[in-house]
1. I want to confirm something. Restricting to segment 101-121 and keeping residues that are modelled with pLDDT of 95 or more and more than 15 Å from the chain's Cα centre (by Cα), which single residue is farthest from residue 218 (Cα to Cα)?
2. From the list 259, 289, exactly one residue is charged (D, E, K, R), touching a residue at least 40 places away in the same chain (Cβ under 8 Å) and within 14 Å of residue 15 (Cβ to Cβ). Which is it?
3. Pick from segment 163-190 the residues that are touching a Ser or Thr at 6+ places or on another chain (Cβ under 6 Å) and surrounded by 21 or more Cβ atoms within 10 Å (Cβ to Cβ): which of them is nearest to residue 206 (Cα to Cα)?
4. Among the listed residues 114, 106, 155, 141, which satisfies the condition of being out of contact with any Leu (no Cβ under 9 Å at 6 or more places or on another chain) and β-branched (Val, Ile, Thr)?
5. Sort through 91, 61, 76 and tell me the only one that's crowded, with 16+ Cβ neighbours inside 10 Å and under 30 Å from residue 22 (Cα atoms).
6. Out of curiosity, is residue 117 in a helix (DSSP H, G or I), among the polar types (S, T, N, Q), over 30 Å from residue 176 (Cα atoms) and touching a residue at least 40 places away in the same chain (Cβ under 8 Å)?
Amino acid sequence: MSFLGRIRDGLSRTTKQIVARFDDIARRIDAADRRSSPLEAATLESLEELLISADVGVGATDRILTAVKTRPRNGTGLRDLVKREIRDVFTAVDRPIVVAQHPKVTLIVGVNGTGKTTTVGKLANLLKKEGAAPLVCAADTFRAAAVEQLEIWTTRAGVDLVRAREGADPAAVVYDAISSGKARGRDPILIDTAGRLHTRVNLMHELGKIRRIAAREVPGAPQEVLLVLDATVGQNGVAQAREFMSAAGVNGIVLTKLDGTAKGGVAVAIAHDLKLPIRYVGVGEGIDDLVPFAVEEYVDGLFEEQW
């Protein structure tokens, strides 16, 4: 299966949850259009409930409902209209990463349990397959298990890992990794940080220190700060992202466990509410199951029963 096909496949639980109900609402709206009769409030409420239940979020749902209410009669069908609005949400926040000086440094952050460390290994594997020469930095020096887990993944991916003894200063490990990457021609440098809650002030300050070290060694670094979110936690993930944005300079999202939820619409809520692009999605547990986010495939997969 292609990378893009995996996005659709990963959305299968969400799709099964909403397609039948969506089609029923579309038929009611199309029938009202043919009769040139006003939309029933109950129909709009059904559409609102459906979008909220898929975790599309209140803000994006309001945008879609406004588009439905103000659409030209006998014009674009409901499915195409909703898909267009969601597509526009994503394209409005899709900003390319600018790397003025190499190596590119990517900082991966998040709370415990989101799949952050495995995501780093999968991302290294993906980038290597795309022709890059990534180097992974194990900056989670608090949990020995995290470093061991990362070592397993980087071995699978066939990429180098820079690690330090347990309890070492994470910023010092980052310094070593960037220095090593420069000397060995590795690019990008992927930094796995310790899982942390945004309420742990000392750990959030540690992220600031890591960022300063990276910027000192590579002007403009870290050029990319990816927040790993678990798709199954829904709107709680949006709240997590909002806090990390201010503390860590997050400029992109990795959405994991997309295949494990019937509420895959949370990607829309993230893009709409936080104005952050989804960079990658996790659609399984294998090393190849991290794929670049593709707007068209996501939007089609969300509403299409067959592909």
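1. Of everything passing the filter in segment 101-121, 121 is farthest from residue 218 (Cα to Cα).
2. Working: 289 fails: within 14 Å of residue 15 (Cβ to Cβ).
Sole residue among the options that is charged (D, E, K, R), touching a residue at least 40 places away in the same chain (Cβ under 8 Å) and within 14 Å of residue 15 (Cβ to Cβ): 259.
3. Applying the filter and picking the extreme gives 170.
4. Details: 114 fails: out of contact with any Leu (no Cβ under 9 Å at 6 or more places or on another chain); 106 fails: out of contact with any Leu (no Cβ under 9 Å at 6 or more places or on another chain); 155 fails: out of contact with any Leu (no Cβ under 9 Å at 6 or more places or on another chain).
Just one listed residue meets the conditions, 141.
5. 61
6. Details: in a helix (DSSP H, G or I): yes; among the polar types (S, T, N, Q): yes; over 30 Å from residue 176 (Cα atoms): no; touching a residue at least 40 places away in the same chain (Cβ under 8 Å): yes.
No; evaluated as a whole, the condition is false for this residue.
For every residue, the table says whether it meets (1) under 30 Å from residue 127 (Cα atoms); (2) touching a residue at least 24 places away in the same chain (Cβ under 8 Å).
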| position | (1), (2) |
| --- | --- |
| 13 | yes, yes |
| 19 | no, yes |
| 28 | no, no |
| 31 | no, no |
| 57 | no, yes |
| 65 | no, no |
| 93 | yes, yes |
| 96 | yes, no |
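For every residue, the table says whether it meets (1) more than 29 Å from residue 166 (Cβ to Cβ); (2) among the aromatic types (Phe, Trp, Tyr); (3) part of a helix (DSSP H, G or I); (4) in contact (Cβ under 8 Å) with a residue 60 or more places away in the chain.
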| position | (1), (2), (3), (4) |
| --- | --- |
| 190 | no, no, no, yes |
| 209 | no, no, yes, no |
| 216 | no, no, yes, no |
| 220 | yes, no, no, yes |
| 228 | no, no, no, yes |
| 272 | yes, no, yes, yes |
| 279 | yes, no, no, no |
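The values are calculated or read from the model by the stated rules, or taken from the named source; none is laboratory data. Here the structure is a predicted model, which means the values were calculated and not measured. Positions of Cβ are generated from backbone atoms using ideal geometry, with glycine treated the same way; all protein chains shown enter the neighbour counts.
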